[in-house]
Structures are given as C-alpha cells and as structure tokens.
1. So, in the stretch 410-422, exactly how many residues are within 16 Å of ligand 2 (Cβ to nearest atom) and not small (G, A, S)?
2. Does S390 satisfy the condition of being surrounded by fewer than 16 Cβ atoms within 10 Å (Cβ to Cβ), more than 16 Å from ligand 1 (Cβ to nearest atom), modelled with pLDDT of 90 or more and not aliphatic (A, V, I, L, M)?
3. So which pairs qualify, if the first residue must be in the stretch 104-133 and closer than 14 Å to G227 by Cα, the second must be surrounded by 13 or more Cβ atoms within 10 Å (Cβ to Cβ) and β-branched (V, I, T), the Cβ gap must be under 6 Å, and the two must be at least 6 apart or on different chains?
4. Condition first: at pLDDT below 90 and more than 24 Å from G434 (Cβ to Cβ). Now tell me which residues in the stretch 281-312 satisfy that.
5. Quick one: E425 ticks every box in (1) buried (at least 20 other Cβ atoms within 10 Å of the Cβ); (2) within 13 Å of ligand 2 (Cβ to nearest atom) except a single one, so which number is it?
6. Do any residues in the stretch 405-427 that are touching a residue at least 40 places away in the same chain (Cβ under 8 Å) have Cβ atoms under 7 Å from those of residues that are within 13 Å of ligand 2 (Cβ to nearest atom) and among the charged types (D, E, K, R), where the two are at least six apart or on different chains, and which pairs are they?
7. Starting from residues that are near ligand 1 (Cβ under 9 Å from one of its atoms) and of a type in the set (A, V, I, L, M), keep the ones in the stretch 421-450 and report whichever is farthest from G462 (Cα to Cα).
8. I need a count of the residues in the stretch 339-352 that are out of contact with any strand residue (DSSP E or B) (no Cβ under 8 Å at 6 or more places or on another chain) and surrounded by 14 or more Cβ atoms within 10 Å (Cβ to Cβ).
Amino acid sequence: MDICNAFPDMCYIVSDKGTLIEANQKGLAVINGLHESPVSLPFSFFLTKNIRQYFEDNLKDVLSDDKTIRIEAEIEQLNKVPLSVELYLKALPLDINSSRKGCLVVARDISDRKRQELDLLRFTNLAQYTVNPIEITDPDGKIIYVNPAFERASGYPKEEVLGKNPNIFSSNKHPHGFWQKMWQTISAGKVWVGEVENKKRTGEPFFTQLLISPIVNNDRKVVGYFGIHRDLSDQKYLEQQLVHAQKMESIGMLAAGLAHEVGNPLASISSLVQVIQRTNDDEFTQEKLELIKSQITRISRIIRDLVDFSRRSTYEVQLTDINKVILDAIEIIKVSKKAKDISFNSALEDNLPLLPLVPDQIEQVFINLLLNATDALLDQAPGVPPYKGSKTINVSSTLMDDSLLIMIEDNGKGIRQEDLGKIFEPFYTTKKVGEGTGLGLWVSYGIIKSFRGEIRVKSIEGRGTTFTIRLPAQS
Ligand SMILES: Nc1ncnc2c1ncn2[C@@H]1O[C@H](COP(=O)(O)OP(=O)(O)OP(=O)(O)O)[C@@H](O)[C@H]1O
Ligand SMILES: [Mg+2]
C-alpha cells in the first residue's frame, strides 16, 4: 500500500467480506477519528447510512464478475459534513499464493463538482420560477438563455431569441449614447443598472429596471453577461394616469371657462342673425345667414359637449342594467349605414349587479366607443396592408372581483403607440374636418371617472384596438 501513498486519491483495500484491510495515508486521514481502529471494520461503516447496502451489493458484483464499477457515495467525516466521492471498485487477488480475492476501492473527492451542480440546480430553479425576466448572453452579446418570465414578459418564445442580439427588443426610444455607455460599463467588468423601454413582440412597450452584470470566470475573463429585469409597467401606468388625471382636471376647468366666455357672445350673435333674417328679404343675405346659422349650431354643439364634461352633476343617478345599455347602444349603431358590413358580437354575463349610473351618459360612452370602432374598421392605417378577415366588433361584460369590466374590441386600423397617450385629450382627432371633433373620448373619460371608474386602451397598429372600462360594482 505504500506505493499508493503517492496517489492523489484515497485508496482502500477491502476483503471479500467487505472489511477494511488497508488504506493509504489520504484514505486514513479522511476517516480518521471515526473509530479507534478502523482496520477490520466493514468499509461501508465509513459511508453514509443511505448508501451502505448499495455499496455492499456492488462489492458482491465486482468480486463475482471481475469488472470495474463506479458509484457515487459520501464518506462520513468527524465533525464535518460528509465528503462527496466517486468510488471505483476493482477486484484483485489478496496474495499471490491463495485465490482469495479482495477489492481495491479508489475514492476521488468530487465535492467541488457536487457543490457546483447544486449551485447550478439552485440557480436553474430560481430562474425558472422567479417573476423577474432573466437573459444571459455570451461575450459577443448573443442570447444563450432566457427564463420563462422573460418569455412571458417579452412575448417571444425562447426559440425565437436564442442566438440573437438583445437589440431585437429595442424600442429605439433611448438616446444614442445610452446603450453605448451600458456596453462600456459591462465590458469593463462592472455592473450596469438602468431604466429601459423595450418593445414586446406585439410592438407594445415594455418598461423595466434592468441590471446587467458580467459573468467572470476564474481567470477573471468575461465569459458572458447576465441581465435581470424588474417590471415597471404598472408603476409607469400609474404615473401616466396621475399626469393624465391632473391634465384632464385643468383642461376641464379651462373648458368650463371657455364655454362660458364663448357661449354668451355666441348666443347674442345667434339672436342678431335671427333679427336680420326677419328684417331682410335679400336672397343672397338670407343664404349667407343660413350658412352662419349652421356654423353657429356646430360651435354650440362643441360648447355643449364641453359644458357636459364640466357640469355633470345635474343628471339623475339610477340603478342601471349595464347590459341593457350596451345592447341599446349596439342597436343604435347598427342602423347607421356605416355599420352595414360590420358584425357585432356580444358576450354579456348574466345577472350582473345594477350599478348607480346615469344611463344616458353611459350610453353616450358606449355609442362613442362603438362609433370610433366603426370608423376604425372603415379606415385603414397608412402603410399597413388592410385586414383581410371580416370586420368585427366584440363587446363583453363580466364581473371580476369588485368590478364590472366592459370590453369593446375591434379589428380595425389600430392606433400608433406614440398616439395612444393623446387620444383622451380634447380636440385630438385623426378624422377629417366635420367628421370628428375629437371630444368623444375626452367626454367618455370624464363620465367614467365621475363614476369612480377607469378606462384603458390597448392597441396594435393595423390589427385592432380594445377599450376596457372598469366600473366599481359596490354601491
Ligand atoms: N377604436 C379605435 N381605433 C382606432 N383609432 C381610434 C379608436 N378610437 C379612437 N381612435 C382615435 O382617437 C381619436 C379620438 O377619438 P375621439 O372619439 O375622442 O374623437 P373623434 O372620434 O375623432 O371625434 P368625435 O368623437 O368627437 O366625433 C380618433 O380620431 C382616432 O384617431
Ligand atoms: Mg369619437
């Protein structure tokens, strides 16, 4: 056995009964202290309990078949965690003269490898189940791993992103030097953190806080990059809502003042026109006065909308069956010539609670949303090929937790991401003069807010738009 002392591994010689006959210095050092006289004890005594029988069985096999067997095991150690080892078992004659066989057991320390395996397993589990999107790239920036949260958040299945550069998610919203600075930081081996706006597969924005850290090997060489995201969409949405609500409030005040200031002189112009009409017979003058009257009517309508928005409390609130209002609104829209090629589908949940609303106002909201959807189905987005399928508007209502959700969905021309923030502003319209004043959504927003509700929009250009209205269902 002396010769075995030069071995880097632990070596043991075991009898055909499984007792320890001899060990090299390394082998003895490991089991030292477990028993006063280790020699002549069964070798399996030094292994952890769960593996003892397995070792005995393999020993029998080795002695009968003359083969080499490799098993993984753990050797007990005094006052230390058991040592993970790989055991190689090989039968050998115990002495030259007799045919008595024994077994050489070589034990190789694999605790480092086991620890790494465990670390990897822990990381894989963490990455698999965390809600944080994770991406890993090679040193050239090619994606080599994304976790399920990343697939969910970005909308890309992993097959589509592996091997690509993360700039496929780029929204092009960041200034030129932004990503350059990030690369400088991480390729210098430092951690970079920043708020980023990326683009989902659908084209929608994806706001996250991103931390990128270089992965460095034992030789301090960068072998890849690790990126972890924290979703900021909800936070961004709330921030935008707050800004929006404040803007709406100030516009509301301005509109009320403006309506008053314009309304009064307009009323006097209108009565003056009537006076002249009554006192003048000239045909030309009469014709022009008619024109003035129709323009005054148009201005009055806009002013009425503005006043409606800012002075809504005079209407009477009643317990309202929302499904009935939706169906009435659909009927009204259906009769118009514009809607003749459009199919309307409604999926309305039965037995919804009645809500304290002003039915006429809520109907006005639905009519406006349905009219907008109709217009979007008849028009087409510039540069985007027209949709080939049938023109459809889907309306649904459901009760979810303490809220009633109403969705109005069309497969029309959609709204560009950069315009989504503007559509609730007064006088924002993409329609021709005379076809839209851009007050519809502004008024709708005000009405829904006044009932402590919320109106949200999601849209993909060229594919369609969905408006979701949430109304609190508790009285
Ligand atoms: N379903 C939709 N699909 C595509 N674009 C829409 C949709 N709904 C609204 N929009 C866009 O939002 C703009 C504002 O809508 P809003 O209802 O406030 O005004 P309008 O329809 O243009 O005019 P008004 O409703 O005052 O007659 C529209 O001009 C259109 O560009
Ligand atoms: Mg409208």
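1. As a first pass, look at the stretch 410-422 and keep what is within 16 Å of ligand 2 (Cβ to nearest atom): 410, 412-415, 419-420, 422.
Subset that is not small (G, A, S): 410, 413, 415, 419-420, 422.
Total satisfying the criteria: 6.
2. Details: surrounded by fewer than 16 Cβ atoms within 10 Å (Cβ to Cβ): yes; more than 16 Å from ligand 1 (Cβ to nearest atom): yes; modelled with pLDDT of 90 or more: no; not aliphatic (A, V, I, L, M): yes.
Against the criterion (surrounded by fewer than 16 Cβ atoms within 10 Å (Cβ to Cβ), more than 16 Å from ligand 1 (Cβ to nearest atom), modelled with pLDDT of 90 or more and not aliphatic (A, V, I, L, M)), S390 does not qualify.
3. A127/I134; N132/I228
4. Hits for the stretch 281-312 are D281, S310, R311, R312.
5. (1)
6. K413/D379
7. By that ranking, first place goes to V443.
8. Looking only at that region, the number is 1.
The values are calculated or read from the model by the stated rules, or taken from the named source; none is laboratory data. Quick caveat: nothing in here was measured; it's all calculated off a predicted structure. When we count neighbours, we look across all protein chains shown, and the Cβ atoms used for this are built from the backbone with ideal geometry, even at glycine.
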